[in-house]
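Just so it is clear, none of the values below were taken in a lab; they were calculated from the coordinates. Being a predicted model, the structure only gives us computed values, none of them experimental. Reconstructed Cβ throughout: ideal geometry from the backbone, glycine too, with neighbour counts over all protein chains shown.
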């Protein structure tokens, strides 16, 4: 089946908003095995919209519309399609009741134009809108299929994923749907991870294996088409087992969660606490951890020791380490260890992480941009320091250093270090 | 003039990327007074691309293409247009030289396909590519105008803004261009700012005045069309003067910079330093400041005192403030003051900011979500504490609290507090 996606809205043509709907639908249709040949954007103008429908019918057998289902006179998609097909529009009572009771419930006067959101092209199947008012439309006429979805993404997406996809599967006779497992990795770069899995990625057919990198995290998606999740699990198992075997030291979750939320979860389960001593990351690790609701129970706090005075006074780093011609300096294994041990003691926590390094843009203490030391101190255990050479710009180095320190803590929490 | 934007690329139809180019160009064309009636996306297929050109010619007089100018066999836009127009393609020598010397300079073997990036449709004006290799094309044939731009936004945007816009202005005879001044505000919400300026916004015609809010900052853009910047300045002056008069206490910059970069700039100019004591913001203020290159010279460091133990030990907040039935508690004016004074002393800085509050999702110490105290301590001056009631979710409250503390410091640095 060939599809054309038609987005209706003058605000798109004025460049006021980006047509993210087209991307979402293209991806969703591809997963259903439907090819998208064109995406079109047209304004809120009935004549031009009808012309677009005429053209799209000549080159596709499925027309997916977004936008133009709202209450105003500018919302013309339903009317244009009805006029093109020579059909009437009809009221969808359940939607009308929903709209009326919503107005009544909020003590608002019912505005007549809202009635428009309950209209269907004659003969269309209604599509439920769980996040808004306008009802969706699905109908097939003379071998062409029409799917009318609302414009706001928060209404469009659930309608497409639920009733829309169900209707399309019926059309295509497709009984399979896409099942994916997301594997999340830390402490390893995308290229090295890809190298580790390269034969699996090359030989892949079913399931498919793809790697993604963003925001300092690497994800592997393993996907297959299956009738249900039990069948999917059977089809995915061999690939998952092999990936787990090869990457065990870096695989921190089999769902789409960040390393910081995994770490907070493990700390909570183990009733243990952490504190931080940050230099080059400048509070980023702290910021990542405290973004997680509930982190207050496991995070004692931290010191952002940007100056040597702060390192000395707040963390007890000896001045001999920081100053003098032969001192190892602020960016060193010794200072990283002293920072972690200092905050462990001050915060009375079970773990303490430290990060000190050169984020750039310029070198510091004669040390190269990207040189970073990550320390981990624990009560009653020797302190560990990892020396890293990270790449990227200032923000990239800071983010990688922050994520790397969280990976070190994850190793400790899972008995890997 | 009526335009159609044609994005070429199968990756768009597969939903792998979002067509942000269409939005950028729609906006840019609107500013040039050119109406966009359609946006079309078509894959890397010559026959379909030629069909799209034929159709677009029937409904527009300017066709703006993005994508398909690269080196591979899938990059077909130039070839398709040449075939449609019955013209040859010709080599653009300066681009060819640029590509060859780039390869030579990097010691790489020249790959023949790269030659394709130097090709022009016969008779086209070349458009300079400052951020990539592929040359742009602009030509007019039989009353239809064709503008061919690269697909990657970082190449497309500067080419459109520079040579593309110049070519279009020549076409339309437009001698005016849009001049804008961005006014940046802190310490005031978008709705209150809009209310302050509502009569100016309502009566606006030329210049136009628009407010935007994102990431905890509010921006007002004042724009006019003018022949040159001197004329623009004359046309904008009255509106700017009136806005400045009404909003003087919140207007921290007349260019698009963040409050943290303004604060770092002022600290650098005044050779003064700051330190931080953060509770509910969890390191966010520190993270914002240290994102600015050069902040190391003015930022001494900070303490993220999430636990009361950290507040007491690292900042010297008296236990009587934190514990006991009649104590004001961690979220209080007294604690905010003690935190700021504690870190001022520890870091030996000129200024110290503190933030303590309830970010949510749940209330704390019987205090409501959104209650935040911001403290400012300075050497030899009384400490000031502001009590705020902020709205939003956890991340929104944290961000607003962080920006608000930076606003407080800006006030101090500019003699407003």
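Shown for residue A:380: label points 7 Å from Cα along the beta-carbon vector, and their distances to the equivalent points in the other copies, 5.2 nm in ascending order. Taking the alpha carbon gyration tensor of segment B:158-306, multiplying each eigenvalue by 5 and rooting it gives semi-axes of 36, 20, 14 Å, largest first. With a Förster radius of 35 Å applied to the C-beta separation of residue A:363 and residue B:111, the computed FRET efficiency comes to 0.50.
Counting neighbouring Cβ atoms within 10 Å and putting the fewest first, the residues A:26, A:391 line up as A:391, A:26. Pairwise inverse Cα distances across segment B:2-172, averaged and inverted, put the Kirkwood hydrodynamic radius at 16.0 Å.
Counting every other Cβ atom within 10 Å of each residue's Cβ, A:172, B:20 order from fewest to most as A:172, B:20.
Here B:307, B:364 are placed in order of increasing Cβ neighbour count within 10 Å, fewest first, which gives B:364, B:307. Across the identical copies, the 7 Å label point of residue A:125, projected outward along Cα→Cβ, sits 5.3 nm from its counterparts, in ascending order. In the assembly of identical copies, residue B:246 has its label point, taken 7 Å from Cα in the direction of the beta carbon, separated from the corresponding points by 6.3 nm (ascending, one decimal).
With all pairs of different C-alpha atoms in the average, the Kirkwood value for the hydrodynamic radius of chain A is 25.4 Å. Every helix of 4 or more DSSP H residues in the protein assembly as shown counts as -39500 (n - 2.57), and over all residues that averages to -11500 deg cm²/dmol at 222 nm. Peptide A:277-285 shows a mean partner chain C-beta count of 6 within 10 Å per residue C-beta.
For chain A, the relative contact order works out to 10 percent when only alpha carbon pairs closer than 8 Å and six or more residues apart are counted. As a ratio to 2.2 N^0.38 Å, the alpha-carbon radius of gyration computed for segment A:9-107 takes the value 1.26. With Cα atoms as the point set, the radius of gyration and Dmax of segment B:86-215 evaluate to 21.7, 64 Å.
If you run the Gaussian network model on chain B, springs between alpha carbon atoms under 10 Å, then out of B:87, B:78, B:106 the most flexible one is B:106.
Partner shielding of A:14-27 amounts to 6, given as the average count of beta-carbon atoms from other chains within 10 Å of each residue beta-carbon. For the pair residue B:195 and residue A:142, label points projected 7 Å from Cα toward Cβ lie 5.7 nm apart. For segment A:272-349, the alpha-carbon radius of gyration amounts to 1.13 times the rule-of-thumb value 2.2 N^0.38 Å expected for a compact globular protein. A compact globular protein would have a Cα radius of gyration near 2.2 N^0.38 Å; the ratio found for segment B:177-253 is 1.05. Averaged over the residues of B:29-40, the number of partner chain Cβ atoms lying within 10 Å of the residue Cβ comes to 4. What Kirkwood Rh does segment B:259-413 have if only Cα atoms enter the pairwise 1/r average? Answer in Å. Averaging 1/r across every pair of different Cα atoms and inverting gives 15.1 Å. Between the Cα long axis of helix B:20-31 and the first principal axis of chain B there is an angle of about 80°, rounded to the nearest 10. Considering only Cα atoms, the convex hull volume of the protein assembly as shown works out to 208 Å³ per residue. Calculate how steeply helix B:333-347 sits against the longest principal axis of the alpha-carbon atoms of chain B, using the helix alpha-carbon long axis, and give the answer as 0 to 90 degrees to the nearest 10. Helix B:333-347 sits at roughly 80 degrees to that axis. Of all chain A residues, the closest to the A-onto-B rotation axis by Cβ, with that distance in whole Å, is A:283, 2. Against chain A, whose longest principal axis is taken from its Cα atoms, helix A:259-270 shows a tilt of about 70°.
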